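Novice: One structure coming up, written as C-alpha coordinates, with questions to follow.
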Amino acid sequence: MFIGEYKHIIDDKGRIFIPTKFHNQLKDGVVVTRGLDNCLFLFPLKNWQKLAAKIKALPLTQANSRAFSRLMLAGAMEAKLDSQGRILLADFLKNYAKIAKNVVIVGLYDRLEIWDEAEWEKYKQQTEKDSNEIAEHLTNLGI
(Lines give C-alpha, C1' and ligand atoms only; values in the text may rest on other atoms or scores of the structure.)
Protein backbone atom coordinates (compact mmCIF):
# COMPACT_ATOMS: atom_id res chain seq x y z
CA MET A 1 0.00 0.00 0.00
CA PHE A 2 1.31 3.45 -0.95
CA ILE A 3 0.55 6.33 1.40
CA GLY A 4 2.22 9.59 2.34
CA GLU A 5 3.76 12.66 0.74
CA TYR A 6 7.47 12.90 -0.13
CA LYS A 7 9.45 15.80 -1.58
CA HIS A 8 12.36 15.21 -3.95
CA ILE A 9 14.40 16.96 -6.62
CA ILE A 10 14.89 15.76 -10.19
CA ASP A 11 18.59 15.43 -10.92
CA ASP A 12 20.35 16.91 -13.95
CA LYS A 13 19.78 13.71 -15.93
CA GLY A 14 16.01 13.78 -15.37
CA ARG A 15 15.95 11.04 -12.73
CA ILE A 16 13.70 11.06 -9.71
CA PHE A 17 14.31 9.19 -6.47
CA ILE A 18 11.48 6.92 -5.35
CA PRO A 19 11.12 6.68 -1.55
CA THR A 20 13.03 3.69 -0.17
CA LYS A 21 9.98 2.29 1.64
CA PHE A 22 8.38 1.55 -1.77
CA HIS A 23 11.35 -0.13 -3.47
CA ASN A 24 10.29 -3.67 -2.63
CA GLN A 25 6.81 -3.14 -4.11
CA LEU A 26 8.35 -1.72 -7.30
CA LYS A 27 11.22 -4.18 -7.82
CA ASP A 28 9.54 -5.90 -10.78
CA GLY A 29 9.23 -2.64 -12.69
CA VAL A 30 6.90 0.31 -12.98
CA VAL A 31 4.83 2.09 -15.56
CA VAL A 32 4.63 5.88 -15.50
CA THR A 33 1.86 7.54 -17.47
CA ARG A 34 -0.03 10.78 -17.83
CA GLY A 35 -2.36 11.03 -14.88
CA LEU A 36 -5.39 13.13 -14.17
CA ASP A 37 -5.24 16.66 -12.75
CA ASN A 38 -1.91 17.22 -14.56
CA CYS A 39 0.18 14.84 -12.51
CA LEU A 40 1.87 11.57 -13.41
CA PHE A 41 0.67 8.15 -12.27
CA LEU A 42 3.26 5.55 -11.33
CA PHE A 43 1.99 1.98 -11.09
CA PRO A 44 3.77 -1.19 -10.06
CA LEU A 45 3.85 -3.39 -13.15
CA LYS A 46 1.23 -5.85 -11.84
CA ASN A 47 -1.22 -3.04 -10.98
CA TRP A 48 -0.64 -1.48 -14.40
CA GLN A 49 -1.45 -4.76 -16.13
CA LYS A 50 -4.80 -4.93 -14.31
CA LEU A 51 -5.65 -1.34 -15.27
CA ALA A 52 -4.53 -1.84 -18.89
CA ALA A 53 -6.82 -4.88 -19.18
CA LYS A 54 -9.75 -2.76 -18.01
CA ILE A 55 -8.85 0.01 -20.45
CA LYS A 56 -8.60 -2.55 -23.26
CA ALA A 57 -12.15 -3.67 -22.48
CA LEU A 58 -13.59 -0.17 -22.95
CA PRO A 59 -15.86 0.14 -26.01
CA LEU A 60 -13.91 1.27 -29.06
CA THR A 61 -17.04 2.95 -30.43
CA GLN A 62 -17.21 5.56 -27.64
CA ALA A 63 -15.12 8.71 -28.04
CA ASN A 64 -14.49 9.07 -24.29
CA SER A 65 -13.17 5.50 -24.15
CA ARG A 66 -10.80 6.14 -27.04
CA ALA A 67 -9.63 9.42 -25.52
CA PHE A 68 -8.97 7.88 -22.11
CA SER A 69 -7.17 4.93 -23.70
CA ARG A 70 -4.92 7.30 -25.62
CA LEU A 71 -4.21 9.41 -22.55
CA MET A 72 -3.23 6.45 -20.41
CA LEU A 73 -1.67 4.01 -22.89
CA ALA A 74 0.03 6.24 -25.47
CA GLY A 75 1.44 8.36 -22.67
CA ALA A 76 2.92 5.43 -20.76
CA MET A 77 6.52 4.32 -20.33
CA GLU A 78 8.01 1.34 -18.53
CA ALA A 79 10.90 1.83 -16.12
CA LYS A 80 13.00 -0.05 -13.58
CA LEU A 81 14.45 1.39 -10.43
CA ASP A 82 18.21 1.81 -10.77
CA SER A 83 20.61 0.70 -8.04
CA GLN A 84 19.97 3.95 -6.15
CA GLY A 85 16.17 3.75 -6.38
CA ARG A 86 15.68 6.28 -9.17
CA ILE A 87 13.75 6.24 -12.43
CA LEU A 88 14.24 8.36 -15.50
CA LEU A 89 11.23 10.47 -16.48
CA ALA A 90 10.71 11.10 -20.18
CA ASP A 91 10.58 14.75 -21.24
CA PHE A 92 7.04 14.43 -22.63
CA LEU A 93 5.84 13.28 -19.20
CA LYS A 94 7.66 16.05 -17.35
CA ASN A 95 6.18 18.59 -19.78
CA TYR A 96 2.66 17.19 -19.33
CA ALA A 97 2.87 17.52 -15.53
CA LYS A 98 4.73 20.87 -15.66
CA ILE A 99 7.57 19.28 -13.69
CA ALA A 100 10.69 21.42 -13.50
CA LYS A 101 12.92 20.54 -10.56
CA ASN A 102 11.07 20.07 -7.28
CA VAL A 103 8.57 17.23 -7.13
CA VAL A 104 6.22 15.68 -4.64
CA ILE A 105 5.52 11.95 -4.70
CA VAL A 106 2.11 11.13 -3.24
CA GLY A 107 1.06 7.62 -2.20
CA LEU A 108 -2.51 6.71 -3.13
CA TYR A 109 -2.99 3.10 -2.10
CA ASP A 110 -2.28 1.23 -5.37
CA ARG A 111 -0.27 3.90 -7.19
CA LEU A 112 2.03 6.84 -6.68
CA GLU A 113 1.43 10.26 -8.16
CA ILE A 114 4.29 12.53 -9.19
CA TRP A 115 3.55 16.26 -9.04
CA ASP A 116 5.45 19.43 -9.66
CA GLU A 117 5.78 20.83 -6.13
CA ALA A 118 4.12 24.18 -6.90
CA GLU A 119 1.23 22.48 -8.74
CA TRP A 120 0.75 20.06 -5.84
CA GLU A 121 0.61 22.91 -3.32
CA LYS A 122 -2.05 24.72 -5.39
CA TYR A 123 -4.08 21.56 -5.80
CA LYS A 124 -3.76 20.61 -2.12
CA GLN A 125 -4.79 24.08 -0.89
CA GLN A 126 -7.89 24.06 -3.10
CA THR A 127 -8.84 20.54 -2.06
CA GLU A 128 -8.37 21.32 1.63
CA LYS A 129 -10.50 24.46 1.21
CA ASP A 130 -13.27 22.43 -0.47
CA SER A 131 -12.98 19.38 1.80
CA ASN A 132 -16.39 19.75 3.45
CA GLU A 133 -18.17 20.01 0.11
CA ILE A 134 -16.18 17.09 -1.30
CA ALA A 135 -17.09 14.97 1.74
CA GLU A 136 -20.79 15.79 1.26
CA HIS A 137 -20.66 14.37 -2.27
CA LEU A 138 -19.08 11.15 -1.03
CA THR A 139 -21.83 10.22 1.41
CA ASN A 140 -23.46 8.06 -1.29
CA LEU A 141 -20.32 5.91 -1.29
CA GLY A 142 -20.73 5.05 2.39
CA ILE A 143 -17.64 6.95 3.54
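The values are calculated or read from the model by the stated rules, or taken from the named source; none is laboratory data. Just so we're clear, the structure is a prediction, and the values are computed from it rather than from any experiment. In this analysis, Cβ positions are derived from the backbone assuming ideal geometry, glycine residues included, and neighbour counts consider all displayed protein chains. Heads up: the accessible areas ignore ligands, DNA and RNA and are worked out on the full protein's heavy atoms, side chains in. Shrake-Rupley method; radii C 1.70, N 1.55, O 1.52, S 1.80 Å.
Novice: Would you mind stating whether D116 is open to solvent by less than 40 Å² (accessible area, probe 1.4 Å) and of a type in the set (D, E)?
Specialist: Numbers: open to solvent by less than 40 Å² (accessible area, probe 1.4 Å): yes; of a type in the set (D, E): yes.
So D116 fits the description; yes.
Novice: For the range 125-143, which residues satisfy the criterion of being part of a helix (DSSP H, G or I) and either farther than 15 Å from D37 by Cβ or at pLDDT below 70 (or both)? Spell out how you get there, then give the answer.
Specialist: Narrowing the range 125-143 to residues part of a helix (DSSP H, G or I): 125-129, 131-137, 139-141.
Across the range 125-143, the qualifying residues are K129, S131, N132, E133, A135, E136, H137, T139, N140, L141.
Novice: Now, a different point. Name the residue that is surrounded by the most Cβ atoms within 10 Å (Cβ to Cβ), counting only residues in the range 52-109 that are of a type in the set (D, E) and touching a residue at least 60 places away in the same chain (Cβ under 8 Å).
Specialist: Filtering the range 52-109 down to residues of a type in the set (D, E) leaves 78, 82, 91.
Adding the requirement that they be touching a residue at least 60 places away in the same chain (Cβ under 8 Å) leaves 82, 91.
Numbers: D82: 12, D91: 9.
Among them, the one singled out is D82.
Novice: Taking the range 117-143 on its own, how many of its residues are touching a residue at least 24 places away in the same chain (Cβ under 8 Å) and among the charged types (D, E, K, R)? Spell out how you get there, then give the answer.
Specialist: From the range 117-143, those touching a residue at least 24 places away in the same chain (Cβ under 8 Å) are 117, 119-120, 123; that's our starting set.
If we keep only those that are among the charged types (D, E, K, R) too, we end up with 117, 119.
The number of residues fulfilling the criteria is 2.
Novice: Can you find a residue that is surrounded by 18 or more Cβ atoms within 10 Å (Cβ to Cβ), farther than 25 Å from E121 by Cβ and in contact with a strand residue (DSSP E or B) (Cβ under 7 Å, 6 or more places away or on another chain) anywhere in the range 35-43?
Specialist: Within the range 35-43, the first condition is being surrounded by 18 or more Cβ atoms within 10 Å (Cβ to Cβ), and the residues that meet it are 35, 39-43.
Cutting the leftovers down to farther than 25 Å from E121 by Cβ gives us none.
Scanning the range 35-43, I find no residue that is surrounded by 18 or more Cβ atoms within 10 Å (Cβ to Cβ), farther than 25 Å from E121 by Cβ and in contact with a strand residue (DSSP E or B) (Cβ under 7 Å, 6 or more places away or on another chain), so the answer is no.
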